[in-house]
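This report concerns only the one structure given below.
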Amino acid sequence: MIELFKHLMPLDFKWIMLNYGTIIYTVLFLVIFIETGLVAMPFLPGDSLLFMAGLFARSGELNISYLFILLFIAAVLGDNCNYWIGRKIGVRIFNLKFRGKPLVKKEYLDKTHVFFEKHGTKAIIMARFVPFVRTFAPFAAGIAEMNYKKYLVFDVIGGALWIGGLTTAGYLLGEVEFIKKHVDLVCLGIILVSVLPIIIGYLTGKKKK
């Protein structure tokens with residue numbers, strides 16, 4: 001398992017396929033599920049992994065239809081698991097008291113609830129494309145007790161756009177010679193573009209202060 005993880009983080013698909021064969025579908029499913037479903041695992045390579053999966057599907061080593069279906073299910077199940085963890089457990093944790101005071105002030109929880117009721121639909125979709133944020137957004141929506149039916153609809157839409165968009169991009173660009181020769185650089189570029197909104201938001205907030 002440790003050896004698998006060593007090759008998974010740098011997205012060494014060839015090693016994984018050579019050693020695990022078709023079980024790679026299970027590995028990809030678990031990575032997407034864990035990244036979106038466990039709030040403590042936001043560092044897994046979601047975006048670049050989807051793009052690489054699309055590239056390998058283009059070369060015929062993976063089936064693009066299987067990828068769409070399995071990874072979409074993993075993304076939606078993961079987010080929903082995270083939502084209910086936040087809704088059932090998160091609020092209880094934040095309601096715990098330390099030296100007679102709550103860990104998180106009630107007004108902060110109330111503000112979170114108001115935010116997700118007002119902007120939650122956009123946030124759930126947009127969060128899919130931002131590392132770390134996509135892991136914490138479902139958890140926060142659960143804590144805020146966002147209307148579940150509304151959450152589920154937009155979570156499904158966001159999941160379809162995220163999985164479909166990045167795997168399709170990898171599949172369509174899989175024959176571009178530059179990309180085939182510089183896969184590492186492309187994956188690094190995807191990561192940089194993904195975290196750009198976080199960097200811009202941080203710098204903007206700091207400037208306003």
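What the table shows:
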quantity: Number of the condition not met by His182 [criteria: (1) surrounded by 14 or more Cβ atoms within 10 Å (Cβ to Cβ); (2) within 29 Å of Ala57 (Cα to Cα); (3) at pLDDT below 65]; calculated: (1)
quantity: Search result, residues across region 120-151 that are at pLDDT below 85, of a type in the set (D, E, K, R) and out of contact with any Lys or Arg (no Cβ under 7 Å at 6 or more places or on another chain); calculated: Lys122
quantity: The lone exception for Gly170 - which of (1) at pLDDT below 90; (2) in a helix (DSSP H, G or I); (3) more than 24 Å from Arg58 (Cα to Cα) it fails; calculated: (3)
quantity: Members of region 57-76 found to be within 14 Å of Ala137 (Cα to Cα) and either out of contact with any Ser or Thr (no Cβ under 7 Å at 6 or more places or on another chain) or surrounded by fewer than 17 Cβ atoms within 10 Å (Cβ to Cβ) (or both), listed by number; calculated: Val76
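Here is a yes/no grid of residues against (1) surrounded by 13 or more Cβ atoms within 10 Å (Cβ to Cβ); (2) modelled with pLDDT under 80; (3) in a helix (DSSP H, G or I):
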| residue | (1), (2), (3) |
| --- | --- |
| Thr112 | yes, yes, yes |
| Val153 | yes, no, yes |
| Phe178 | no, yes, yes |
| Leu192 | no, yes, yes |
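The values are calculated or read from the model by the stated rules, or taken from the named source; none is laboratory data. The structure displayed is predicted, hence computed values, not measured ones. Neighbour counts run over all protein chains shown; Cβ positions are idealised from the backbone, glycine included.
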